[in-house]
Amino acid sequence: MKIHTAAKSGAVLAALMATAGGRVAGDEAAIARKAKLEFRVLASWAGGETHEIGTFGSGALEEGGSMTGSMQVGTSPADDGSPCHSDVSMSPFPPKGPNGALPLWLVEGKVRRAGMDDIQVEYAWKRRTGAGVGSAPDAAYRGNAHLSEGGRALLDFVPAFEASSGCWQNLALELSASIPEEPAFKDRRIGYDLWLVSEDHGKRLTRRLQLIGKQGEKVAFDYGIVRSKLPVSPPPGKEAYVMETTVTGSVRSRVQPDGSIEILLAANRGAHPSDGGWFRGAHGSKKVRAAPGETLRLELPAPNPVGDHDDEPDTFRALAEQHVALVLTPTIVD
């Protein structure tokens, strides 16, 4: 990764800014997508760590598509003779009933929306154990989850020390979702020419990052600290009110069959006095579909006063007058 810093923007950035003018409001990408769902059993070993011990997943589901299945947790003898080898039996078919004191989870999942970093899932689960054969489930729930790609939602939690012969402290069921990559594009790389532009009371500062990410990969960025003097009365004993601004975030993209690029650019703008103290942040994001080489601009909102610092209106007015933006040009790397 290379970082270039300049006190003034040059001809390259000027050209980018001029190009970006027509796409400041970029239309949100509206692309029909598929999603994969995974129900996962986690186990916390007695005196040890938490690990995944079984995963039941769907294929690629279109919006409205659903999956059902069962996950029976058990143990079996390990190579060292202990009874603590994990065993999760998974099936897309309804089971005859629970087997033993460890949980049998019956799971359902339906994809309501499959968007980049916004996968909406309707789910349901029931938990049974051997003691509950022929009766109502030990526990059950139906709900909805908004998941980022690779995000996880904890659905159920069960203390399991005695039922597992002391092998596990507890068991849990979680749900995750992801966007499957098209085979024709999964190995593509996308380049990002990403500029930070800060315009502060007549002064302009730019910083540049040049990044590369795989198809569908979330690529993080961090511009470090940008210091500026606010035109407000400094604290006692200080010559100037120096504010430190940080801009971090991520970009995720996918090449589409028509050659365009679906992009999600998200960033956080933070601000705090250089001598420490309070810290406030604001978030901005843009989801668009663009042509390779097209330039996009994302304006980042200014931090807002809250709590003990709503009595500093001059400070936050000065922050609002600082215009901070990201200017992005994506390209397909051959």
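The values are calculated or read from the model by the stated rules, or taken from the named source; none is laboratory data. Being a predicted model, the structure only gives us computed values, none of them experimental. Neighbour counts run over all protein chains shown; Cβ positions are idealised from the backbone, glycine included. Side chains are part of the model used for accessible areas, which takes the heavy atoms of the whole protein and leaves out ligands, DNA and RNA. Shrake-Rupley method; radii C 1.70, N 1.55, O 1.52, S 1.80 Å.
Hey, can you tell me all the residues within segment 186-210 that are under 25 Å from the mean Cα position of the chain (by Cα) and crowded, with 16+ Cβ neighbours inside 10 Å? Spell out how you get there, then give the answer.
Going through segment 186-210, the residues under 25 Å from the mean Cα position of the chain (by Cα) turn out to be 186-197, 207-210.
Listed by number, the residues that qualify are Arg188, Ile190, Gly191, Tyr192, Asp193, Leu194, Trp195, Leu196, Val197, Arg207, Arg208, Leu209.
For a quick check of your reading of the model, give me the residue pairs whose first member lies in segment 171-187 and is among the basic types (Lys, Arg), whose second is assigned to a loop (DSSP other than H, G, I, E, B), with beta-carbon atoms closer than 7 Å and at least 6 apart or on different chains.
Partner pairs satisfying both residue conditions: Lys186/Gln215.
Take the conditions closer than 30 Å to Glu217 by Cα, open to solvent by less than 60 Å² (accessible area, probe 1.4 Å) and part of a loop (DSSP other than H, G, I, E, B) and apply them to Pro180. Does it pass? Give the derivation first.
Details: closer than 30 Å to Glu217 by Cα: yes; open to solvent by less than 60 Å² (accessible area, probe 1.4 Å): yes; part of a loop (DSSP other than H, G, I, E, B): yes.
Against the criterion (closer than 30 Å to Glu217 by Cα, open to solvent by less than 60 Å² (accessible area, probe 1.4 Å) and part of a loop (DSSP other than H, G, I, E, B)), Pro180 qualifies.
Kindly evaluate Arg152 against the criterion of being at pLDDT 95 or above, touching a Ser or Thr at 6+ places or on another chain (Cβ under 6 Å) and open to solvent by 60 Å² or more (accessible area, probe 1.4 Å).
Yes.
Filter segment 31-59 down to the residues that are in a loop (DSSP other than H, G, I, E, B) and closer than 16 Å to Met90 by Cα, then identify the one that is most open to solvent (accessible area, probe 1.4 Å).
The selected residue is Gly59.
Across segment 101-121, what is the total count of residues that are touching a residue at least 40 places away in the same chain (Cβ under 8 Å) and open to solvent by 30 Å² or more (accessible area, probe 1.4 Å)?
6
Mind checking which residues of segment 62-82 are closer than 18 Å to Glu52 by Cα, touching a residue at least 12 places away in the same chain (Cβ under 8 Å) and open to solvent by 30 Å² or more (accessible area, probe 1.4 Å)?
Thr75
Of all strands (runs of 3 or more DSSP E) completely enclosed by segment 248-319, which ones contain at least 3 residues that are more than 30 Å from Thr331 (Cβ to Cβ) and at pLDDT 90 or above?
Of the strands (runs of 3 or more DSSP E) lying wholly inside segment 248-319, none has at least 3 residues that are more than 30 Å from Thr331 (Cβ to Cβ) and at pLDDT 90 or above.
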